[in-house]
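Note sheet for the following structure.
The values are calculated or read from the model by the stated rules, or taken from the named source; none is laboratory data. Note that the structure is a prediction, hence the values are computed from the model and not measured. Cβ atoms come from the backbone with ideal geometry, glycine included; neighbour counts cover every protein chain shown. Keep in mind that these areas ignore ligands, DNA and RNA; they rest on the heavy atoms of the full protein, side chains included. Shrake-Rupley method; radii C 1.70, N 1.55, O 1.52, S 1.80 Å.
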Amino acid sequence: MSEHDTVTEDYAQRERPLFEAWREGGYFQRTPGFGSEAGTSYTIVIPPPNVTGVLHMGHALNDTIQDACIRRARMRGMQTRWILGTDHAGIATQTKVDKHLAEQGINRREIGREAFIEACQDWRREYGTTIVNQIATMGCSCDYAHEQFTMSPEFSRAVRRLFVDWYHDGIIYRGKRIVNWCPSCTTAIADDEAEYEDEAGHLWHLRYPLSEPVDGVEYLVVATTRPETMLGDTGVAVNPKDPRYANLVGHTIELPIVGRTIPIFADFYVDSEFGTGAVKVTPAHDPNDFAMGERAGLEKINVFDETAHVVEGYGAFSGMSREEAREAVVAEFERLGLLDHVEDHDHSVMHCYRCHSTLEPWLSEQWFVSVDTLKGPAAAAVESGRIAFHPERWSQVYLDWLANLKDWCISRQLWWGHRIPMFYCDACGWSDACMEDVRTCPECGAPARQDEDVLDTWFSSQLWPFATQGWGDYGADAPELVKHYPTQVLSTARDIMGLWVARMVMASEYCTGQIPFEHVIIHPTVMGADGKPMSKSRGNGVDPVELMREFGADGMRFGLLTQVTGAQAMRFDRQKIEAARNFANKVRNAARFVLMHMDGYTPGVPTLSTAADRWIFSRLARLVRAVDAAYESFDFGEMTRELYGFFWNELCDWYIEFSKSRLAEDAPADDKLACQRNLVHVLEVAIKLLHPVMPFITEEIYQDMPKTADAARMLIIAPWPDADALATFIDDDAERAVQMVCAVVGAVRSARARYGISPKTLLDVHVKAEPADCALLEQQRGLIESLARTSELTIASDADKPAGSSAALAAGIEVYTVLAGHVDLDAERARVRKELDRATVDAEKLRRKLGNEGFLSKAAPEIVQKDRGRLAELDDTIAKLQGQLADLG
RNA sequence: GGUCGCGUGGCGCAGCGGGAGCGCAGGUGCCUUACAAGCACAAGGUCGCAGGUUCAAAUCCUGCCGCGACCACCA
């Protein structure tokens, strides 16, 4: 019973050498191009993964899509290059290194900036190759020889150049603003880097005593979710139209605990419906309060330090964390009899997208990019259609994002990143943004110092498409850019649409005067099997490296693409990967079959001597068209479905079966050769079409195939099939003939299965069809005989139903299988009756439709015609089935 | 609050105005010399609900229900 051992395979061992062969062949660098597309450049920039990151399913899908695009372009003869590189990922990397150092008892501040950056570099040297190796394991045909890095010297010059240019153009400015402060990372982060989460909280109602009673009123109740910030309150706001408080506006409050006298003022921002209609205003710790404070001219008092502990000057509260301060403040209000009441209240709270700490709106000096002049050209690029999104609807998301864009805080209080190239002279007040470091003040000669902050990682990421091609040193005239810019395709997930995609367009328009890419593919987000986003905490994540080990890179790639739809999310389905692995296996076996029957083969043009030959070439021609169309509309799911159906259901299920008798040892030599050549040709075209998705197995097969002297050495640069040239093979007659053959074979197999007749038992079969179809079928007699395993095959337009036979109707022909006594007539009668019922219902429906005046007068004539034909067919079928029933008694 | 996506056989999905399909799982029979990770055959769905447009609706429109994402955010 050991017949079917589980098949295990070492995919890495099979795939790695092929990858090395591609690399050594130089195909990963910009290809020279050939054929009619030789002059066309085709470039993709990879969304740079974090340098210390590891491959996740999002990368796996995204990189598969890009590799499919670039490989097809390469095979079409274009000058391709897929630019590879990694992102220094400021906060992410710094957080990791911080943690690593902490484990050794080292604090970043103790060792200082330079030593820390060195530690980051060490970290990068150690882990920076991981993800690139994983991308290689996938078989991605990136330009590994010219790997980029967002903190390489060249890239750094580009970043610096943009900062200096923007600074001198007045696009970059400095300001004291409320920013989202992460007290754990101790840095500002951008608005779109903050994540909101709903949390159960409370609405504390606090009594704020008036300095003097007004009309007998002694205090005012304010509602707040953050009582601890009251330490920094500098006012209380009410809506100017709120009659409850009209008499209080202009009076003052004695702020409890702090003893500060603060004004009651009116501002339309206040919603009278919410809480008590009176809002405590903390300009330094809330963006809306900041805005009101500006309007009312309030003081802005920071009560937290950079780690969100209460600053000096607040007595016992000083030094407390936010959480401690909250408790203490509430307790103190209670003690003073000023805690009115507490309500439950859910509200959304901002968290750091990196470390997940609760963010603190914090007043600080930061650098900003003014987006006013940048957003226009970026919107126009999409509105004009110069940049196309796929699916198209994402362009709306893009445009909406731009329309609502606010100035971008680009300074980060980190050490790992591009240090802001601003230089200051404390002696004379000189300052400027400079390309070269400035040690002494050019005005007064005093020592100059550089800004301590670094730039937001996205500030450098936005330069990716052109800084990787020489912009930093040569500007828009860089030779690479002149020849190969804009790039063709950018593929990414939708969550960085604004963060990255839009910013690249803005920066590119500014720096190069061009769009950065022509097509933006927004692929669906890969969700876990449970339909929820993959995450460590949920435990629904899947490791692509693990998948590749189990199913091969080809299996993973194909399986992922089959799941791509136009929707915004796809639920990861392991079975799809398994099915893809099985498909890869099927392809390999099909190839093995072909290569196993090569004796006597000599290369030559295909000879389409049989209907089966003409059929498979016709199907192949349609396949090339369909695959091309799917690529052009970026419909990768459709593309894989087409390939799957062709390989499995047409080539393997039928054509290879058709071929078996022709390849037998005693078969006629010339027909055998024709069949061999056809198989080789079809297989070669098919594996070319499949190569962009399943590069390894197709290359492996190609290497084993017989090739002519002028053939490409490797499949990776073999010419892509020409749909127009193949179109001449489309042959409706041949497709009809094979359709009938399949119908006959299927009918006989079905009868066998129903009555448990072994394939070894030969059966008499009678086929009745139109004369023209009879002629087509007659030519396929041999095929039918071998596939249906007949003893006697009668094909005639006037064939009779033999006694004791099972009848089947398919493809407009009647197939009678003589069952010679094996038949359970009752079962056969029941089956026919069921079929008859179904046909009768269908015919009734159609008859009603065709009896409808409205339909006859308004429907397109060809539709009416078609339905009349269908009804006639159905009536015919019904008559035949009734005849069969009568025959069966 | 705004924008968008999705609800089709047990599961995952395709189809997106004129005959309900695919893959997987499950059923039956097969180790047929390319493949048991396979082959053959059969079974399985009133296409979320309610209206509307149309001669014709899974497909278009409206509303509702359910799931989900993104953006904004009221202390």
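Assorted remarks:
- Residue within region A:702-713 that is surrounded by 19 or more Cβ atoms within 10 Å (Cβ to Cβ) and at pLDDT 95 or above present: yes
- Among the residues making up region A:639-671, those that are within 9 Å of RNA strand B (Cβ to nearest atom), open to solvent by 40 Å² or more (accessible area, probe 1.4 Å) and closer than 14 Å to residue A:597 by Cβ are A:657, A:660.
- Check on residue A:490, among the hydrophobic types (A, V, I, L, M, F, W, C), within 15 Å of the chain's Cα centre (by Cα) and more than 17 Å from residue A:60 (Cβ to Cβ): yes
- Complete set of residues in region A:593-620 that are among the charged types (D, E, K, R), within 16 Å of RNA strand B (Cβ to nearest atom) and under 26 Å from residue A:784 (Cβ atoms): A:619
- So residue A:196, is it open to solvent by 50 Å² or more (accessible area, probe 1.4 Å), in contact with a Pro (Cβ under 6 Å, 6 or more places away or on another chain) and in a strand (DSSP E or B): no
- Per-region count, region A:349-375, residues open to solvent by 40 Å² or more (accessible area, probe 1.4 Å) and either part of a helix (DSSP H, G or I) or at pLDDT 90 or above (or both): 3
- Checked against (1) of a type in the set (D, E, K, R); (2) in a strand (DSSP E or B); (3) exposed (fewer than 15 other Cβ atoms within 10 Å of the Cβ), residue A:340 meets all criteria but (3).
- Every residue from region A:189-215 that is among the acidic types (Asp, Glu) and away from RNA strand B (no atom under 15 Å from the Cβ): A:212, A:215
- Elements of the type strands (runs of 3 or more DSSP E) sitting completely within region A:383-496 and holding at least 3 residues that are open to solvent by less than 40 Å² (accessible area, probe 1.4 Å), modelled with pLDDT of 90 or more and not hydrophobic (A, V, I, L, M, F, W, C): these cover A:487-492.
- Within region A:321-335, one or more residues are within 21 Å of residue A:193 (Cβ to Cβ), of a type in the set (D, E, K, R) and within 16 Å of RNA strand B (Cβ to nearest atom).
- Contact annotation: residue pairs with Cβ atoms under 7 Å, 6 or more positions apart or on different chains, pairing a residue in region A:586-608 that is farther than 18 Å from residue A:698 by Cβ and among the small types (Gly, Ala, Ser) with a partner that is open to solvent by 50 Å² or more (accessible area, probe 1.4 Å) and away from RNA strand B (no atom under 13 Å from the Cβ), are A:600/A:669.
- Among the residues of region A:858-875, those that are open to solvent by less than 90 Å² (accessible area, probe 1.4 Å) and within 7 Å of RNA strand B (Cβ to nearest atom) comprise A:859, A:860, A:863, A:867.
- Pairs, first at pLDDT below 95 in region A:613-632, second buried (at least 19 other Cβ atoms within 10 Å of the Cβ) and of a type in the set (Lys, Arg), C-beta under 8 Å, six or more apart: A:631/A:72
- Residues being in contact with a helix residue (DSSP H, G or I) (Cβ under 7 Å, 6 or more places away or on another chain) and assigned to a helix (DSSP H, G or I) - total across region A:60-76: 10
- When region A:276-300 is filtered for residues that are in a loop (DSSP other than H, G, I, E, B) and open to solvent by less than 30 Å² (accessible area, probe 1.4 Å), the ones remaining, listed by number, are A:276, A:277, A:282, A:283, A:284, A:285, A:298.
- Residue, modelled with the highest pLDDT, within region A:565-582, restricted to residues that are more than 8 Å from RNA strand B (Cβ to nearest atom), outside any loop (DSSP other than H, G, I, E, B) and not small (Gly, Ala, Ser): A:577
- In the set (1) in a loop (DSSP other than H, G, I, E, B); (2) within 13 Å of RNA strand B (Cβ to nearest atom); (3) of a type in the set (Ser, Thr, Tyr), residue A:307 fails one condition alone, (2).
- Subset of region A:621-630 that is more than 24 Å from residue A:675 (Cβ to Cβ) and open to solvent by less than 10 Å² (accessible area, probe 1.4 Å) - its residue that is farthest from RNA strand B (Cβ to nearest atom): A:627
- Of residues in region A:795-804 being free of Cβ contacts under 8 Å to residues at least 40 places away in the same chain and outside any strand (DSSP E or B), the one least open to solvent (accessible area, probe 1.4 Å): A:799
- Check on residue A:169, at negative phi, crowded, with 21+ Cβ neighbours inside 10 Å and more than 9 Å from RNA strand B (Cβ to nearest atom): no
- Residues located in region A:805-841, provided they are crowded, with 21+ Cβ neighbours inside 10 Å and at pLDDT below 70: A:828
- Yes/no for residue A:590 being on the phi < 0 side of the Ramachandran plot, near RNA strand B (Cβ under 10 Å from one of its atoms) and not in a helix (DSSP H, G or I): no
- If you filter region A:512-558 down to residues that are under 25 Å from residue A:43 (Cα atoms) and near RNA strand B (Cβ under 10 Å from one of its atoms), you find that the one that is least open to solvent (accessible area, probe 1.4 Å) is A:524.
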